[in-house]
Amino acid sequence: MKLLVVIVLFGIGFALLPLENALRTERLQMKYGGAHVTFQLREAIGQNLAIALLAGMRGIVADFLWIQGHGFWEKREWLRQYRNIEVAVTLQPQSIMFWDLGQWHMAWNIGYGAFSDPKNRTKAEAIKREREWHEKARQFILRGIENIPNRYELYFTMGWLYFEKLSKDCDDPPCSEAFCKSADYLAMATSYPDAPQFVPRLYARALEKCGDLKAAYEEWKRLWRLDHSTTEQAWSIIEREIRRLEDYLQIPNQQRVFPQPTP
Amino acid sequence: MTESAIAAPSMSRERVGFSAHRVSVIAVNTLTEAVRQKVFILFLLIGLVFIALAVFFAQFTFGEQMKFIKDTCLGVISVITTLIAIVGTAQLLPSEVENRTIYTILAKPVRRFEFLLGKFCGSLLLLLLSMAAMCILFAAVLWIKEQGMIRELSQSYVGESPAAHVEAQKQIEQIQTEVLDVELVKALVADLAKATLIASVTLLVSTFSTSLVFNVVVPFMVYVVGMLRGTAAEMWGAHRLFMAVLAVFPDFGLFSIADEINLGKVVPWGHIGQIVTYGVARTLVIVVAAHLVFSRREI
Amino acid sequence: MDAIRTEQLTKKYDLGWRKGKLLALEKLNLRVREGEVYGLLGPNGSGKSTTLKLVLDLVVPTEGSAWIFDVPCSKVVSRLHVGFLPENPYFYRYLTGAETLEFYGKLCGMRGATLKKRIEELLDLVGLTRARHRRLAGYSKGMLQRIGLAQALIHDPKLLLLDEPTAGVDPIGSKDIRDLILRLKGMGKTVLLSSHLLAQVQDICDRIGVLNRGQMILEGDVQTLISDQRRLSITVQDLPEAARARVEEAVRATGASIVSVGHPQTTLEALFLEALRKDQRREGEHD
Ligand SMILES: Nc1ncnc2c1ncn2[C@@H]1O[C@H](COP(=O)(O)OP(=O)(O)OP(=O)(O)O)[C@@H](O)[C@H]1O
Ligand SMILES: [Mg+2]
């Protein structure tokens, strides 16, 4: 009797294998889950978290490490925080938030921490260390984009990093190269229809700082031409920028969006 | 004692088919038993945990808080439903036998299968009810968080330009969509399918064992092995015989989609449908197996 | 048609791995006629409860078979007209008396006003009307026995199987239950009850069977059993003293002796013990 039951269970187990495999393949295709629980990973997160991970609580484990990292930050233990961030994105490489806030911690918080570290002997050393963290953040976002190439967020993050941080890491201003890079990434971000309105605005500013004022003007104009009744935009800002660039570029009055009143 | 008392209407049907009504009577009775016991204190404690979360994560950004709260709440719900599925089902049959209540029930024109199914359905009702209770708490925590966020946001925009207010309104809307994420339902559905499956495993074990510890430990081990199956398949996928043995265990890892949903990934309903189909198919087989054992069992 | 019929009904309990088997009932051929009250007697562990459980298909016979109203006991239908009161009944502790009856009534397919009315009647019948809204967790042993009886009667079955119906019930309650059994009999119901309270059984049973170590060692009509076949008592009314002397003389003339003039009946209890004494099978025979 019990033998029969066992046989039936085995039989159905096999019959369901195709469905099981289909589900597993689909999970792989849709990049569900994350890194396998390898020996190194187990070492990195410790026994208890590894068990929680195997119990299917990947998100909670990553969150825990993240929160722990936050604690390290408050204690100015940046390296430990950095390690936790790395494990968190290893566990959940599909988390935009981890990539985004992770790079922010590196480029902004840890970078500034390294810069203002009293152990720095010279100003040059401080600057060098800060720049190293900016570069780390850049590499970090690149990996993020590899994992999540189909969303605007990390392109925007990268654009913002170039705009705000990497642009200041060159020794002879105006450092337009970094802004051009920024514009490239922001162009990518802008191309996603679900990108919020501040993305193309930053894109236009990056274009201007890159030196391509014409392109910047075109981008502002593109925004202005959007349907005012259905799209929400900070129309006043766009108008101000267009007027400014039209003056600066000396656009002929009849071609202007906002022609000057003839005196 | 009146004479008329004994002269009650007699039953005239001479056929006893499968009756969903009897199953439901037993199921409701099983649920009543569970509810009148002290399970709800457990829910109260869980509720406190949930509410503590909302306070605990307050120092983080909105995105972080949402992820943490959702991860933890769905995690807690998943763990508790699994526990209720195992512990709630493990004692159903043994306690019926031990209290000898089963004698009076099976001495009525009740099929053993009806009894078994009724008990199982009662266990599922309890799962549904507890899940609903936890979801309400979960929703309440999210709502509290949402209100707090919106209040904070509107305060920070006081006295700003009208354009900024438009911006603020957009942000509020975004908060609202993120908080009231209907996608979360998918995770709960998968969770319920998983809990149903593990409950059926427990039911099967409890048809041939009267030891409560055994009835809890074995399903738990089946769960662990099932959870590791996916990992095992990835690691030693080539080893045919090993995988063949593992095929008896349901792959519980396939039910974990809460993380993906919290990451904002697309989890199509088709995928959920397949998960549920898989869970239900497995469950049906196991319930039939449980019936095969139970129908021959001495009580 | 017999209410209950068993043929060579045998039950060996599996005691588990390497512990062998226990013969609880051996080749029982039982017949309970429709409309009678049958008492199944026997010492503890003699197989009374096992017999009832076999008839209800709660345990599966090792050999032989049983029928209720000619329906094989393995079929669910056979239990359609049966009410069962197990020994030391336990019910759901968290249900009240009324809820318990409602639950069993629903299991029997009853519902609505019919069920409500029936519950009221039965609560009244077993004298639990005042305790109807109390949970069974707070019921005394006797009260549990009564609610058990009510539960067995809920669907007005034709056959009642009562396992020690008066166990744990006080003398008055016990009398009530016996009266009830007699009344059920009067209504044409068949009752099979098990007991070891012999004096009580004597009053209500039409027939009895005595089980010992799984075997029927004595069976028959109560009245026949308790009358002594070697002795004869003639009950005469208004016999004059002179006539009595002549009767006694006539008796002596046949060579018979007059033992006493009075009540020649033995008690059921004595009979029971005697039967056990005669049954001298040894312990070993059980394994
Ligand atoms: N489930 C079981 N497993 C093993 N042995 C059992 C089981 N049930 C009963 N027995 C044994 O079978 C024998 C008959 O038991 P049964 O309960 O039928 O006796 P009984 O006549 O009802 O006794 P009592 O008057 O004490 O109720 C006993 O020796 C008992 O130990
Ligand atoms: Mg007994």
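The values are calculated or read from the model by the stated rules, or taken from the named source; none is laboratory data. All of these numbers come straight from a predicted model, not from anything done at the bench. When we count neighbours, we look across all protein chains shown, and the Cβ atoms used for this are built from the backbone with ideal geometry, even at glycine. Side chains included, ligands, DNA and RNA excluded: accessible areas come from the protein's heavy atoms. Shrake-Rupley method; radii C 1.70, N 1.55, O 1.52, S 1.80 Å.
Between Rg and the Kirkwood Rh of chain C, both from Cα atoms, what is the Rg to Rh ratio? Intermediate results must be reported in sequence, preceding the final value.
Details: Rg = 22.5 Å, Rh = 21.1 Å.
Rg/Rh: 1.06.
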Checklist line | Dipole axis of region A:1-159 (+1 Lys, Arg; -1 Asp, Glu on Cβ), positive-most option in A:ILE67, A:ILE127, A:LEU41 | finding: A:ILE127
Next item on the list: Could you compute the FRET efficiency for C:LYS75 and B:ALA281, with r as their C-beta to C-beta distance and R0 at 25 Å, rounded to 0.05?
Entry: 0.20
Item checked: Spatial separation of Cα centroids for region A:93-143 and region B:246-299, in angstrom -> 45 Å
Next item on the list: Could you run the numbers on buried accessible area between B and A, total for both chains, 1.4 angstrom probe, in Å² to the nearest 100?
Entry: 4500 Å²
Checklist line | Positions from region C:64-102 whose accessible area shrinks by 30 Å² or more when the full protein complex is built, not the chain alone, probe 1.4 Å | finding: C:VAL76, C:VAL77, C:ARG79, C:LEU80, C:HIS81, C:PHE84, C:PRO86, C:TYR90, C:TYR92, C:TYR94
Item checked: Cβ-placed point charges (K, R +1; D, E -1), dipole of region A:97-211 about Cα centre in debye, nearest 20 -> 260 debye
Checklist line | Leading residue at positive end of dipole, the protein assembly as shown (Cβ point charges), from C:LEU197, B:LEU254, C:ALA253 | finding: C:ALA253
Note to self: Below 8 Å between Cα atoms, with a sequence gap of 6+, how large is the relative contact order for chain C in percent?
What the structure shows: 22 percent
Check: If you take the charge dipole of the protein assembly as shown about its Cα centre, with +1 on Lys and Arg Cβ and -1 on Asp and Glu Cβ, which of B:TYR278, C:LEU40, C:GLY148 is farthest toward its positive end?
Finding: C:LEU40
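Show A:TRP108, A:TRP133 ordered by accessible area, largest first, where the area counts protein heavy atoms only and the probe is 1.4 Å.
On the way: A:TRP108 50, A:TRP133 30 Å².
Largest accessible area first, the list is A:TRP108, A:TRP133.
Counting only heavy atoms of protein chains, what accessible area per residue, in Å², does region A:32-92 have with a probe of 1.4 Å? Working shown, then result.
On the way: 2920 Å² over 61 residues.
I get 48 Å² per residue for this part.
Share of chain B's accessible area from carbon and sulfur, percent, 1.4 Å? Kindly include the intermediate steps, with their values, before the conclusion.
Values: 8870 of 12640 Å².
Carbon plus sulfur share of accessible area: 70 percent.
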Check: Considering chain B as a Gaussian network with a 10 Å cut-off on Cα pairs, which listed residue, B:LEU142, B:LEU83, B:LEU42, attains the greatest mean-square fluctuation?
Finding: B:LEU42
Checklist line | Mean separation of Cα contacts under 8 Å, 6 or more apart, over the residue count of chain B: relative contact order % | finding: 26 percent
Note to self: Kirkwood hydrodynamic radius, computed over distinct alpha-carbon pairs, for region B:20-295: how many Å, to one decimal?
What the structure shows: 20.8 Å
Item checked: Separation of the C:GLU241 and B:VAL245 label points, Cα + 7 Å toward Cβ, nm -> 10.2 nm
Notebook entry, point to check: Among the residues of region B:108-141, which ones have their accessible area go down by 20 Å² or more when all the protein chains sit together, as opposed to their chain alone (1.4 Å probe)?
Noted result: B:LYS108, B:PRO109, B:VAL110, B:ARG111, B:ARG112
Check: Where q = 0.22, 0.24, 0.30 Å⁻¹, what log10 of I(q)/I(0) comes from the Debye formula for region A:195-243, counting one point per Cα?
Finding: -0.72, -0.85, -1.22
Next item on the list: With springs only between Cα atoms under 10 Å apart, run a GNM on chain C and tell me which of C:ILE226, C:ILE181, C:ILE172 wobbles the most.
Entry: C:ILE172
Notebook entry, point to check: Ratio of Rg to Rh for region A:32-92, alpha carbon only, Kirkwood?
Noted result: 0.97
Notebook entry, point to check: Per residue in region B:260-282, which ones lose no less than 50 Å² of accessible surface when going from chain alone to all protein chains (1.4 Å probe)?
Noted result: B:GLU260, B:LEU263, B:LYS265, B:HIS271, B:GLN274, B:TYR278
Notebook entry, point to check: Accessible area per residue, 1.4 Å probe, Å², for chain B: what's the number?
Noted result: 42 Å²
Check: Among the lysines, which have Cα under 20 Å from the Cα of A:LYS119 when same-chain residues fewer than 8 positions away are ignored?
Finding: A:LYS75, A:LYS128
Notebook entry, point to check: What ³J(HN,Hα) values, in whole Hz, does the Karplus curve 6.51 cos²θ - 1.76 cosθ + 1.60 give for region B:25-37 when θ = phi - 60°, with x put for Gly and Pro?
Noted result: 4, 5, 4, 5, 4, 4, 5, 4, 4, 4, 5, 6, 7
Next item on the list: Can you pull out the buried accessible area for chains B and C, both sides counted, probe 1.4 Å, rounded to the nearest 100 Å²?
Entry: 4300 Å²
Note to self: Looking only at Cβ-Cβ distances, which cysteines of the protein assembly as shown have no other cysteine closer than 4.7 Å?
What the structure shows: B:CYS73, B:CYS121, B:CYS135, C:CYS73, C:CYS108, C:CYS205
Next item on the list: Mind listing the long-range amide H neighbours of C:LEU218? Cut-off is under 5 Å, sequence gap 5 or more, other chains count too, H placed in the peptide plane at 1.01 Å from N.
Entry: C:VAL210
Item checked: Rg/Rh for region A:83-150, where both radii come from Cα atoms and Rh is the Kirkwood radius -> 1.07
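What per residue convex hull volume, in Å³, do the alpha-carbon atoms of the protein assembly as shown yield?
Details: hull volume 202.4 nm³, N = 849.
Once divided by residue count, the hull of the protein assembly as shown is 238 Å³.
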Check: How large is ³J(HN,Hα) for each residue in region A:98-114, as worked out from phi by the Karplus curve 6.51 cos²θ - 1.76 cosθ + 1.60 (θ = phi - 60°), to whole Hz, x for Gly and Pro?
Finding: 5, 5, 5, 6, x, 5, 5, 4, 5, 6, 9, 6, 5, x, 5, x, 5
Margin query: For Cα pairs less than 8 Å apart in space and 6+ apart in sequence, what is the mean separation divided by the residue count of chain A, i.e. the relative contact order in percent?
Written below: 10 percent
Check: In whole angstrom, how far apart do the alpha carbon centroids of region C:129-192 and region A:181-201 sit?
Finding: 83 Å
Margin query: Run lengths n ≥ 4 of DSSP H only: what is the helix-derived mean residue ellipticity at 222 nm for chain A, with -39500 (n - 2.57) per run over all residues, to the nearest 500?
Written below: -21500 deg cm²/dmol
Margin query: Connecting C-alpha atoms closer than 10 Å in a GNM of chain A, tell me which of A:ASN21, A:ASN109, A:ASN48 has the biggest fluctuation.
Written below: A:ASN21
Next item on the list: Please tell me which of these pairs span more than 22 angstrom C-alpha to C-alpha: C:LYS48/C:LYS278; C:LYS11/C:LYS75; B:LYS38/B:LYS145; A:LYS209/B:LYS170; C:LYS116/C:LYS175; A:LYS168/B:LYS67?
Entry: B:LYS38/B:LYS145; A:LYS209/B:LYS170; C:LYS116/C:LYS175; A:LYS168/B:LYS67
Checklist line | region A:97-211: radius of gyration and largest Cα-Cα distance (Dmax), Å | finding: 14.5, 49
Notebook entry, point to check: Karplus couplings for region B:285-299 from phi (6.51 cos²θ - 1.76 cosθ + 1.60, θ = phi - 60°), rounded to Hz, Gly and Pro as x?
Noted result: 4, 5, 5, 4, 4, 4, 4, 4, 6, 5, 5, 9, 7, 7, 10
